[in-house]
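Any read-out appearing in this document is the output of simple, stated calculations on the displayed coordinates, not a laboratory observation. This one's a predicted model, so the numbers in the text were calculated from it and none came from an experiment. Cβ placement follows ideal geometry from the backbone for every residue including glycine, while neighbour counts extend to all protein chains displayed.
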C-alpha cells in the first residue's frame, strides 16, 4: 500500500499545484514524489513535532500539505496536532504508515484512531487495500481541513477490483441478513473470509467497509442494525476508543443492538508475533458472530 | 551683474541655497534618498518594495521618482547590484541636510504617531483590567508595543489565509488575548464599538479558531510552536518567490523549550532569511540563547527596554540581512516594568529621547 500511496501522490501532484509533502529526511516514505516534484517536497531532519509545525505553516499560506510518517511517531505529536491543526482547521493531511504485527511487532501502533478521534474537526480514514487507498486519497485531498489516514506499509490482500469511495459513506462489500460485520482496514479482508466460512454454518453475513471512522456513517449502521439485529465490529486497533467504541456510542443512542468487538485487548509490544496472537483473524470473527447470534 | 564666488557665501546664504535645492525634490524622492543612504539594499527592487511597505507609497510612484533621481545623476543603479548614491549626490544630500536614519533618529511623524497609539492602547487596557478585575497587566502589556509597532510599521491589511504580498504575523504566546484585542482595535483592524470588555476578548477567541483574527495569521496555542509554524510560512513564501517577511512574536519562556531550538536550526538549514523572531523577556534566560542563535547562523539584535524607536531601528536592521534574524527585547525586572507602565510621562520621555 505504501508504494501505491507514493504513485497516487505523484498523480495528484500533477492535479493539485499547491500539494506539498513534508517528511523526515532520514526515513522518506514517498521518495517517488521527491523525484518528480523536488520543489514541492520538504525533508527536514527533525522530530515529528517539527514536521507538524512546518506543515501547519505551509497550510496557513494556502498549501495542501501531506505529512506521511510512521503511526507511532505521529502519536508523539498529539498535542500539537490538536492545538495547531485540529483547532484551527488547517489543510493538513496526516498519513500514518501502519506496520503490521507480522512485519515488525515493536513499532505497531493500535491506538491511533482513539488518539485522533478526540481531535476537533478531523476526518479519519482507513482504506482496506491499494484500490480503495487510491480513491480515498483523491477524496481526502479534495476536501478542506485536517484528515488522518492510516496506510498499511505492506501491500496486503486485495479486497476490491474497482471501487467508488466517498468520505463518510461506508461501502457494502457483501450483503447479508443474519448478522452485520463492520470492519475497517485490513480486517475487511478477514471479515470477507469469515463471511464465506459462516455460509457453511448457514449464516448469511453482511460485510460493511467503514473506511471513514470519523464522521461515522450512521445511516448505514442503523440500517444494518435494524435489518440484522446483531453486529460484530472488527478492527486492527485497540477495542477501546476505535471504530467499535464509535459504533457502540451511536447504537446506544439510536438503536441499541447486541454487538461483539474483535480487536486488540492489551498490547504491550512483546510476546506477540502475529495477528493470531492478537485475536484478529477470520476464525475470531466467526466465534464473535456465534456469540452475538446467541444473545440476539 | 557680478556673481560672488561660492566660497564667500555666509551661513544665511547656505540656508537659502538649501531651501532652493530642497524645493527641487518632492517628499517621495527625499524618502528614497534617505533610505538608500541608510541601508544596503540587495537590489533596486528590494529597496523599492521595502520602502513601499514601510511608508505605504505605491510602487509605481517610487519607480517614477527613482527614474528622475537617476536622470539627475544623484543615484547610480546597476542591474542586480546595490543602488548607490553618487559622489555628487552625497554633496547634494549634505547640502539639503538628508542624513542616514541611524544617525538622526527615525522620522518624527512615525515615532509620534506610534507613541500616541501606544498611549491610547495602554489607557484602554488599564481601564478594562481595572473595571473587570480580571487579567494580568504584566502579560497583557508585555507584547503590546511590539504588536502595535509592527502593525503601524509594516502596514498590515486585514488577515486572510491565502497568499498575498503582505508580511505575515505569528503570535506564539498564550494569555495575551486582551493585548491582541486592544492592539487590533487601536490600529483599526477590529471595529471599536466603545464597549471594551473581556466579553469582547472571549468572542474574539471563539472566532479565531474558525476564521482567523484580522491582521494575525496564526496564534500558537502550544508553547514555542509558533516559530516552527513561522518556518513553514517562510518556506511557503520563499518557494513561491514572494518577497514578504514572517514575524513571530513570542515570550522568553519559549526559549526553554527544545522545539524552539529545533525550529532555529531548521530555519538556518533551509536558509529562511525572511523569518524574524521577536522575543520579549525579562532577561531571566536559561542558558545562553544569544550564543545558541549565533552558532546556528542567526542575526541577533538586542534591544534594551521597551523603546519603540529602538525596535523600529532593529526592524530596519533585520530587513537588510540575509539570514534568519532574532530581535531580543529585554524588559528588565517585571516589578520595575509594572511601576513604569503606569507612569505614562516617564514612558513618553524615554520615547522621545
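Tabulated results
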{"quantity": "Label point distance in nm, residue A:166-residue B:269, each placed 7 Å from Cα along Cα→Cβ", "calculated": "4.4 nm"}
{"quantity": "Residue exposure sequence - B:293, B:261 - by fewest surrounding Cβ within 10 Å", "calculated": "B:261, B:293"}
{"quantity": "Range of Cα positions in segment A:1-160 per principal axis (Å), largest first", "calculated": "39, 33, 29"}
{"quantity": "Residue A:35-residue A:283 pseudo-label distance in nm [points 7 Å out on the Cα-to-Cβ vector]", "calculated": "4.3 nm"}
{"quantity": "0 to 90° range, to nearest 10: angle between helix A:187-200 axis and chain A longest Cα axis", "calculated": "20 degrees"}
{"quantity": "Shielding of A:60-71 by partner chains, average beta-carbon count, 10 Å", "calculated": "4"}
{"quantity": "Average beta carbon contacts from partner chains per residue of B:220-228, 10 Å cutoff", "calculated": "6"}
{"quantity": "Cα-based helix-to-principal-axis angle, A:282-295 vs chain A, degrees rounded to 10", "calculated": "50 degrees"}
{"quantity": "Nearest-ten-degree value, helix A:2-15 long axis tilted from longest Cα axis of chain A", "calculated": "60 degrees"}
{"quantity": "Equivalent ellipsoid semi-axes, segment A:171-295, via Cα gyration tensor eigenvalues times 5, rooted, Å", "calculated": "21, 17, 13"}
{"quantity": "Cα pair distances of chain A binned at 5 Å [whole percent]", "calculated": "1, 6, 13, 17, 19, 16, 12, 8, 5, 3, 1, 0"}
{"quantity": "Averaged over B:257-264, number of beta-carbon atoms from partner chains that fall within 10 Å", "calculated": "3"}
{"quantity": "Ordering of A:214-222, A:48-56 by burial proxy (mean other Cβ atoms within 10 Å per residue, highest first)", "calculated": "A:48-56, A:214-222"}
{"quantity": "P(r) weight above 16 Å for segment A:97-215, C-alpha pairs, percent", "calculated": "62 percent"}
{"quantity": "Chain A: most fluctuating residue of A:210, A:37, A:113 per GNM, C-alpha cutoff 10 Å", "calculated": "A:37"}
{"quantity": "Considering only chain A, percent of DSSP beta bridges that pair antiparallel, nearest 5", "calculated": "10 percent"}
{"quantity": "Burial ordering of B:84, B:67, A:82, fewest other beta-carbon atoms within 10 Å first", "calculated": "B:67, B:84, A:82"}
{"quantity": "Packing-based ranking, highest mean first, of A:184-195, B:48-59 given that Cβ atoms within 10 Å are counted", "calculated": "A:184-195, B:48-59"}
{"quantity": "Distance between modelled label sites at residue A:157 and residue A:296, nm, 7 Å Cα→Cβ extension", "calculated": "2.2 nm"}
{"quantity": "Residue B:18/residue A:3 FRET efficiency (R0 60 Å; Cβ-Cβ; nearest 0.05)", "calculated": "0.20"}
{"quantity": "Peptides A:241-253, B:243-255 ordered by average Cβ neighbours within 10 Å, highest first", "calculated": "B:243-255, A:241-253"}
{"quantity": "Neighbour-count order for B:225, B:46, fewest beta carbons within 10 angstrom listed first", "calculated": "B:46, B:225"}
